[in-house]
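Notes follow once the structure below has been shown.
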Amino acid sequence: MKSYYITTPIYYVNDVPHIGHAYTTIAADVAARLKRLAGYDVFFLTGTDEHGIKNLRTAEEHGVAPQAWVDRVSGEFRRLWEVLHISHDDFIRTTEPRHKQVAAQIFQRLYDQGDIYLGTYEGWYCTACETFYTESEFAEGRTCPVHAGRPLEWLAEESYLFRLSKYQDWLLRHIEQSEAAAAADGSAPPAIAPLSQRNEVVAFIKSGLRDIAVSRSTFTWGVPVPFDPRHVIYVWIDALTNYISALGYPDGERFQRFWPADVHLVGREIVRFHAVIWPIILHAAGIEVPQQTFAHGWLTFGGQRFSKSLGVVIDPAALSREIAAESGADPDVAVDALRYFLLREIPFGADGDFNKPALIHRFNADLANDYGNLLNRTLALVNRHFGGQVPARGSEEGGDALLRQTAAQVAGSVEPFIDRLDFRAALDEIWKILSAANKYLDEEAPWRSLREGKPERAGAILYNTLEAVRVASILLSPWLVTATARAWEQLGIPAPLATQRLSDAARWRGLPAGGRVRPGTPIFPRIERPAAAAPGRSGG
């Protein structure tokens, strides 16, 4: 089996998760699920970043020990991932012994070979980012370029420094070589995507890399530097090594199977750390670098980025409950609707504004009508005219061939879009099946064949329509985890949906004739009420 390793960032636990965290993690989950459908040996990693002064200060503000604080908030992330149907294979925490050991080992290796040295680091620092900024980078008034309005602090302290500047030319060559390989072979990914983020990173590298601080000595909440306990390992060596510590680096079986990562999925505010600092650390340590860093855009609300520090927050669990209450849908189906909306409405890689009315429109038009109602009305006809049994396939005539060809074309086209993390295009492809099936059912009109005394033809039309729903359900299952399982049950197919593969979607006439369908209540009941304001928003 070919392997596929995808990661989210490890999320900072200074506060509870919001929809911005959910956006990244749902995207990674859909990619992981689709690659499993394609038969890959998949490893999907997420987790929490728990050291650093920001977490320490937040714990102090709440009057608890830092470990108690990070335990609490890390648990909130775990609980939300359960609600959102996230299928991660591991959840790494930087306070775990397995991680601390690897972070210290990498630090020691880089020090021993002269790539880390003791010096003094000074500059303008954002506690929220755990990042130093140069004067050309920060906003007017010495405020953080990421956390608008947050003042930067001037810090000067003894630190161990990493020779980032030493590897500037190597990194530029690496990026260029990856792009040449991608141009020569469409299946080879460029090192950085999308192009806008690649251009920003390359411009940053060419402006001149500076050696960076990799330790702090003004607080103790972190992994101790192994040869100098006065210092703790600064966030980037500590945090970034999670991607290999979770695999059991250096000798773990997982590391041998899955490294290098196929894609590190990050928000664009941290692309430089993943696309500049991380590959240089790995290269300096003699470890193969990841194949790609993909930086998606910001999810915004009213033009403002979702951020607790900026006072703009939506709780995705609360939003899902609200959708369930407004529609009467099962709460897990409402979660599916949110998963679908986030990756259909906004091109992944671009910034996009969250809009509750748009979510309701997608729920009604796409999920309730195009998918749910197609299944409902077809099953009702099968139940009424064929005793609830899937009719015989019949011979191909009329519009049958076009529906079959559409389904086959789409089944073979979805995976390449996911390889490019183009979720919107993948869903547009799948909707070609549903659009074709709805048109086919209307134009072939099995009710007309029944009036004309042609029950065999009516049965064949209904069979083909249900078969299109079967194919679409397999392809949609990475997004609509619960809804497609419900559709599968109503189709009456004995084999669990979880056992299906893309090859099953590509095989036309995979629906067993003669099986008994199980019509039920609509999976996606329409939302008739006007849209309410999104829940959980504050400030902004």
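The values are calculated or read from the model by the stated rules, or taken from the named source; none is laboratory data. As the structure is a prediction and not an experimental result, all values here were calculated from the model. Cβ coordinates were reconstructed from backbone atoms using ideal geometry, including for glycine residues, and neighbour counts include every protein chain displayed.
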> Of the residues that make up the stretch 46-65, is at least one over 16 Å from residue 221 (Cβ atoms) and touching a residue at least 40 places away in the same chain (Cβ under 8 Å)?
Replying inline: yes
> Can you find even one residue in the stretch 390-399 that is crowded, with 20+ Cβ neighbours inside 10 Å and assigned to a loop (DSSP other than H, G, I, E, B)?
Replying inline: yes
>> Just to be sure I understand, how many residues within the stretch 217-250 are aliphatic (A, V, I, L, M) and under 27 Å from the mean Cα position of the chain (by Cα)?
In response: 7
> Among the residues of the stretch 273-290, which ones are part of a loop (DSSP other than H, G, I, E, B) and either within 18 Å of residue 10 (Cα to Cα) or touching a Phe, Trp or Tyr at 6+ places or on another chain (Cβ under 9 Å) (or both)?
Replying inline: 287, 288, 289, 290
> Of the residues that sit in the stretch 180-227 and are closer than 27 Å to residue 102 by Cα and of a type in the set (Ser, Thr, Tyr), which one is surrounded by the most Cβ atoms within 10 Å (Cβ to Cβ)?
Replying inline: 215
>> Taking the criterion of being touching a Pro at 6+ places or on another chain (Cβ under 9 Å), under 20 Å from residue 490 (Cβ atoms) and not basic (Lys, Arg), would at least one residue in the stretch 400-417 satisfy it?
In response: no
> Filtering the stretch 85-116 down to residues that are crowded, with 20+ Cβ neighbours inside 10 Å and under 21 Å from the mean Cα position of the chain (by Cα), which residue is nearest to residue 44 (Cα to Cα)?
Replying inline: 88
> For the stretch 401-430, how many residues meet the condition of being farther than 17 Å from residue 371 by Cα and either assigned to a helix (DSSP H, G or I) or touching a helix residue (DSSP H, G or I) at 6+ places or on another chain (Cβ under 7 Å) (or both)?
Replying inline: 17
> Do we find that residue 58 is within 30 Å of residue 126 (Cα to Cα), polar (S, T, N, Q) and in contact with a Leu (Cβ under 7 Å, 6 or more places away or on another chain) in this structure?
Replying inline: no
>> Checking the structure you have, find out if any residue of the stretch 156-173 is surrounded by fewer than 12 Cβ atoms within 10 Å (Cβ to Cβ) and at pLDDT below 95.
In response: yes
>> Given the criterion of a type outside the set (Lys, Arg) and assigned to a strand (DSSP E or B), identify the matching residue among 337, 261, 295.
In response: 295
>> Taking the condition of being on the phi < 0 side of the Ramachandran plot, buried (at least 17 other Cβ atoms within 10 Å of the Cβ) and touching a strand residue (DSSP E or B) at 6+ places or on another chain (Cβ under 7 Å), how many residues in the stretch 485-524 meet it?
In response: 0
> Take the residues of the stretch 1-29 that are of a type in the set (A, V, I, L, M) and part of a helix (DSSP H, G or I): which is surrounded by the most Cβ atoms within 10 Å (Cβ to Cβ)?
Replying inline: 22
> If only one of 330, 370, 351 is surrounded by fewer than 16 Cβ atoms within 10 Å (Cβ to Cβ) and either closer than 23 Å to residue 78 by Cβ or among the acidic types (Asp, Glu) (or both), which one is it?
Replying inline: 351
>> Filter the stretch 59-84 down to the residues that are β-branched (Val, Ile, Thr), touching a helix residue (DSSP H, G or I) at 6+ places or on another chain (Cβ under 7 Å) and crowded, with 20+ Cβ neighbours inside 10 Å and list them by number.
In response: 70
>> Could you check the stretch 30-46 and list, in sequence order, the residues that are part of a helix (DSSP H, G or I) and closer than 15 Å to residue 421 by Cβ?
In response: 30, 31, 32, 33, 34, 35
> Among all residue pairs at least 6 apart or on different chains, which show Cβ distances below 6 Å where the first residue, located in the stretch 363-380, is modelled with pLDDT of 95 or more and the second is hydroxyl-bearing (Ser, Thr, Tyr)?
Replying inline: 378/465
>> Any residue at all in the stretch 431-446 that's part of a loop (DSSP other than H, G, I, E, B) and touching a residue at least 24 places away in the same chain (Cβ under 8 Å)?
In response: no
